[in-house]
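Readers should treat all values here as calculations from the given coordinates under stated rules, not as data from a laboratory. Note that the structure is predicted; figures quoted are calculated from it, not measured. All Cβ positions, glycine included, derive from the backbone under ideal geometry; neighbour counts span all protein chains shown.
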């Protein structure tokens, strides 16, 4: 705290208090503390200086946005990779497995299948054995399970039907090209 | 004078950069306090306080609720302590205190008796945990019931006593017949 020479007014450094401004100065400390929540992890001047921190914060917000957009796709990609790896352990092919599941109307997503493979390995193995037996009956060539870990599967071909139609995903936000007008509706679509 | 800051200015950088000064996350998995409901269920609500005015029109709903429905609710939940506090010149509120120390306050100004019944039922059924957006639609106390996959989950026990390399374990498994197998089959015929 420093007393000014003539007026003897208290002056607290870096505070929002101003002795003569009726409306108080905006509190800079609060803003900078909130900024530091994002940039405390950075190195050098991006952490120590305010200007560098603001520049970095703008970049960080862009990265956060990119990650949020990519999250959905990357989750699906990783789930598919995990499922095909888990199937490889049980000597089953991904394409055959998925086709059997879709024909038998087992609506399990890749994400859920990956979670089963990791946290409920026996359930996943039973699904694989089920799919293998059906694939064998369908005439696809499959590698049979080891005798030590095989499940006793009794299932008939007749449960397989046409696959259910895929769910339509309506993406959020405006269409890619807004200059294309939507087509005119047919009378039967009214 | 500026308002007193809530965060200590001398905190080291990494703690200042951590979560905000709230005691909760914006999005979180479902949480149960103290494994409530696994073997025994205890109501997490400890105390309910009804603050109301005896004269004003805003507290009509609260007054009616206290007259007609409060006693029955109290009898149904004997573990919960209920206070009715007549206070002059206040907005009527319902304050709830929970086992984890958190408190909730509902502003009951101009609420009808039915609205208050719904709110009170909500208070009685909540644990003190804050309302957060769900991270995932699935939640469980235990990550795995059958046991998480390990590299030895599906490993044959014969491997414990095997001398490697082993011919049987080294066979290449394939759906397609190899050239050797095809010729062997042909010869067999």
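Antiparallel beta bridges, as assigned by DSSP with both residues in the protein assembly as shown, represent about 60 percent of the total such bridges.
Between the helical axis of A:94-103 and the longest alpha-carbon principal axis of chain A there is an angle of about 80 degrees. Over the C-alpha trace of the stretch A:50-141, radius of gyration and Dmax come out as 19.5, 69 angstrom. For chain A, the longest principal axis of the Cα atoms and the long axis of helix A:121-138 meet at an angle of about 40 degrees.
If packing is taken as the average number of other Cβ atoms within 10 Å across a peptide's residues, how do B:128-139, B:162-173 rank, most packed first?
Values: B:128-139: 11.4, B:162-173: 7.8.
Answer by packing, highest mean first, reads B:128-139, B:162-173.
The antiparallel fraction among DSSP beta bridges confined to the stretch B:45-125 stands at about 65%. Helical runs assigned H by DSSP (4 residues or longer) give the protein assembly as shown a calculated mean residue ellipticity at 222 nm of -11500 deg cm²/dmol, each run adding -39500 (n - 2.57) before division by the residue total. For the pair residue A:65 and residue A:51, the difference between a 0.36 nm per residue extended length and the Cα-Cα distance amounts to 2.9 nm. Put a dot 7 Å past the Cα of residue A:186, heading toward its Cβ, do the same for residue B:54, and the two dots end up 7.6 nm apart. Which whole-number percentage describes the relative contact order of chain A, with Cα contacts under 8 Å and a sequence gap of 6 or more? Relative contact order, chain A: 13 percent.
For chain B, just run the numbers: alpha carbon Rg, then divide by 2.2 N^0.38 Å, N being how many residues it has. Show your work: numbers first, answer last.
Values: Rg = 31.7 Å, N = 189, 2.2 N^0.38 = 16.1 Å.
Cα-based Rg divided by the globular estimate yields 1.97.
Between residue B:180 and residue B:95, the contour length at 0.36 nm per residue exceeds the alpha carbon distance by 22.5 nm.
Averaged over B:152-164, how many beta carbons belonging to a partner chain fall within 10 Å of each residue's beta carbon? Intermediate results must be reported in sequence, preceding the final value.
On the way: counts 0, 5, 10, 2, 4, 1, 2, 0, 0, 0, 0, 0, 0.
Counting other chains' Cβ atoms within 10 Å and averaging over B:152-164 gives 2.
If I model a spin label at residue B:75 and residue A:138 as a point 7 Å from the Cα along the Cα→Cβ vector, what separation in nanometres do I get? Between residue B:75 and residue A:138, the simple spin-label model gives 6.3 nm.
Against chain A, whose longest principal axis comes from its Cα atoms, helix A:110-119 is set at around 90 degrees.
Counting partner chain Cβ atoms within 10 Å of every residue's Cβ in A:28-34, what's the average?
Working: counts 0, 4, 5, 0, 0, 7, 3.
Average per residue, whole number: 3.
Order the peptides A:64-70, A:48-54, A:162-168 from the highest to the lowest mean number of other Cβ atoms within 10 Å of their residues.
Working: A:64-70: 10.0, A:48-54: 13.9, A:162-168: 8.0.
In decreasing order of mean packing, A:64-70, A:48-54, A:162-168 become A:48-54, A:64-70, A:162-168.
Out of all Cα-Cα pairs in the stretch B:126-189, roughly what percent, to the nearest whole number, are more than 18 Å apart? Every Cα pair in the stretch B:126-189 considered, those over 18 Å come to 70 percent.
Looking only at chain B, where both bridge partners belong to it, what percent of the DSSP beta bridges are antiparallel (to the nearest 5)?
Details: 11 of 19 bridges.
Expressed as a percentage, antiparallel bridges in chain B total about 60.
With R₀ set to 45 Å, the beta-carbon distance separating residue A:21 from residue B:36 gives a calculated FRET efficiency near 0.25.
For peptide A:113-125, the mean count of partner chain Cβ atoms within 10 Å of a residue's Cβ comes to 4. Taking every alpha-carbon pair under 8 Å whose residues sit at least 6 apart, chain B reaches a relative contact order of 24 percent. Measuring max minus min along each principal axis, the C-alpha atoms of the stretch B:45-125 give extents of 33, 24, 18 Å (largest first). Label point of residue B:110 set 7 angstrom out along Cα-Cβ; within the stretch B:69-92, amide nitrogens under 15 Å from it belong to B:91-92. Based on Cα contacts under 8 Å between residues 6+ apart, the stretch B:45-125 shows a relative contact order of 43 percent.
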